[in-house]
Amino acid sequence: MVTESFQCWFDLEKEANTTLFKSVPLLVPGNIESKFMWSAKDNLDKLNYNYELLDGSELRKRFPMFKHPGTFSGLLESEAGTLKSDKAWSCLLDLFVKYGGTKRENEKVLKIVPGDIITVESISEKYECDHVILAPGPWASKMTKPLGLDLQLTPERIGVYYYKDREYAKHRGNWPSFLNYEAWGEHKIYGMPCHEDNGLIKMAIHYGPTIDPDARDDVGEKKLIQMETNIISEHIRKTIPTLEDRPTAWESCIYTMTPDWSFYLDRHPEWRNVIVAAGFSGHGFKLAPVVGKLLCELVMDKKPSYDMAPFSILRPMKAYHP
């Protein structure tokens, strides 16, 4: 799915006559016992992707902004990159409308009545349709439980922080994205340079407290920010000393997690014309074009282009711990 999604994004860039993807190498540091790094290597091997394994000396030479122990090596995937998510979303919506779709924004869904003909009631309208696709993000549990589904979904609030590189002029153009999931203690920290080329490095912890998406700020925001910035700041002082250890800006988003970090992409077990796409666990956006293709195939009752068993609503769940 990842390989096809790459091509879909490039096709979208051409059709929209814009740039959405920015090439940014991905670095996964670790030592001989780093399960996550070696697991990433195995996955790249399966996909036949190119990568480099950097020894400690090469790692320090190529990426001097990091301060890794001499026992560390690094997995570098040079074909990775980042997407301009807001712009990509806007392009997709524009093309949806261009090809005949109707966009209705800020219209809360109140009720879905399944059947051969499905009724969808919103705050302002009542719709009837043959099929409905539910892709409600962190509201998925609230929307699917009245339909008899008890999906294993956990909305988590994720704090995102931006740190200034004091030596950005020297490092400009050389910053990779990085996944420090187990290389430095228990916290799953990741980061990447900002698209805007402004000297800021975006960093976050890949987990957060469970929240109600309708009350996302009711989690003791001030204490939570203090706790998260303390964790990231300690990480910076140990591993990225050229960064200022206090953020210049912050924001938050919501991940909708499943226990196995995979997602649901399936028909309702009873109502085949109700299709659910949920639980993308913080890594779904990059797959959006192919997810859309699969949803289309499900609606049109075509054979899916991929094995759908890993995305089944009824699949056995085993918790994933990277």
Cleavage-rule hits, GluC sites (Glu not before Pro), the range 127-190, DSSP coil, Cβ neighbours within 10 Å at most 10: Glu186
Using +1 at the C-beta of Lys and Arg and -1 at the C-beta of Asp and Glu, which of Val132, Met37, Cys253 has the Cα lying farthest in the positive direction of the dipole of the chain? Met37
Could you check what % of the DSSP bridge pairs in the chain are antiparallel, to the nearest 5? 90 percent
Tell me, how many Å apart are the Cα centres for the range 139-204 and for the range 43-100? 13 Å
Between the DSSP loop rule and a limit of at most 15 other Cβ atoms within 10 Å, which trypsin sites (Lys or Arg not before Pro) in the range 165-227 are left? Arg166, Arg172, Arg216
Helix-derived [θ] at 222 nm for the chain: sum -39500 (n - 2.57) over DSSP H runs of at least 4, divide by residue count, nearest 500? -8500 deg cm²/dmol
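Kindly flag which residue pairs out of Lys145/Lys222; Lys202/Lys286; Lys87/Lys202 have an alpha-carbon separation exceeding 24 Å in this structure. Mind showing how you got there, number by number?
Values: Lys145/Lys222 32 Å; Lys202/Lys286 18 Å; Lys87/Lys202 18 Å.
As for pairs spanning more than 24 Å Cα to Cα, those are Lys145/Lys222.
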For a test of the definition: using alpha carbon positions, the gyration tensor, and the 1.5 limit on a/c, classify the range 1-59 as rounded, prolate or oblate. prolate
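Quick one: which of Lys164/Lys223; Lys14/Lys35; Lys41/Lys318; Lys46/Lys142; Lys108/Lys188; Lys98/Lys126 span more than 30 angstrom between C-alpha atoms? Could you put the intermediate results ahead of the total?
Values: Lys164/Lys223 23 Å; Lys14/Lys35 39 Å; Lys41/Lys318 22 Å; Lys46/Lys142 37 Å; Lys108/Lys188 34 Å; Lys98/Lys126 24 Å.
In this structure, Lys14/Lys35; Lys46/Lys142; Lys108/Lys188 exceed 30 Å between Cα atoms.
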Check cross-link reach from Lys22 to the aspartates and glutamates: straight Cα distance under 18 Å, and skip same-chain residues fewer than eight apart. Glu4, Asp11, Glu13, Glu77, Glu79, Asp86, Glu196, Asp197
Give me the percent of accessible area attributable to carbon and sulfur for the chain, probe 1.4 angstrom. 52 percent
Using a 1.4 angstrom probe, figure out how much accessible area the chain has per residue, in square angstrom, rounded to the nearest whole. 54 Å²
In terms of the charge dipole of the chain, which places +1 on Lys and Arg and -1 on Asp and Glu at the beta carbon, the residue among Ile117, Gln226, Asn17 farthest towards the positive end is Gln226
Label of the coordinate-derived value, volume of the Cα convex hull per residue in Å³, listed as (i) 275; (ii) 184; (iii) 149: (iii)
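The values are calculated or read from the model by the stated rules, or taken from the named source; none is laboratory data. Quantities reported herein were computed from a predicted structural model and do not represent experimental measurements. Backbone-built Cβ (ideal geometry, glycine too); neighbour counts: all protein chains shown. Please note that ligands, DNA and RNA were not included when accessible areas were found on the heavy atoms of the full protein model with its side chains. Shrake-Rupley method; radii C 1.70, N 1.55, O 1.52, S 1.80 Å.
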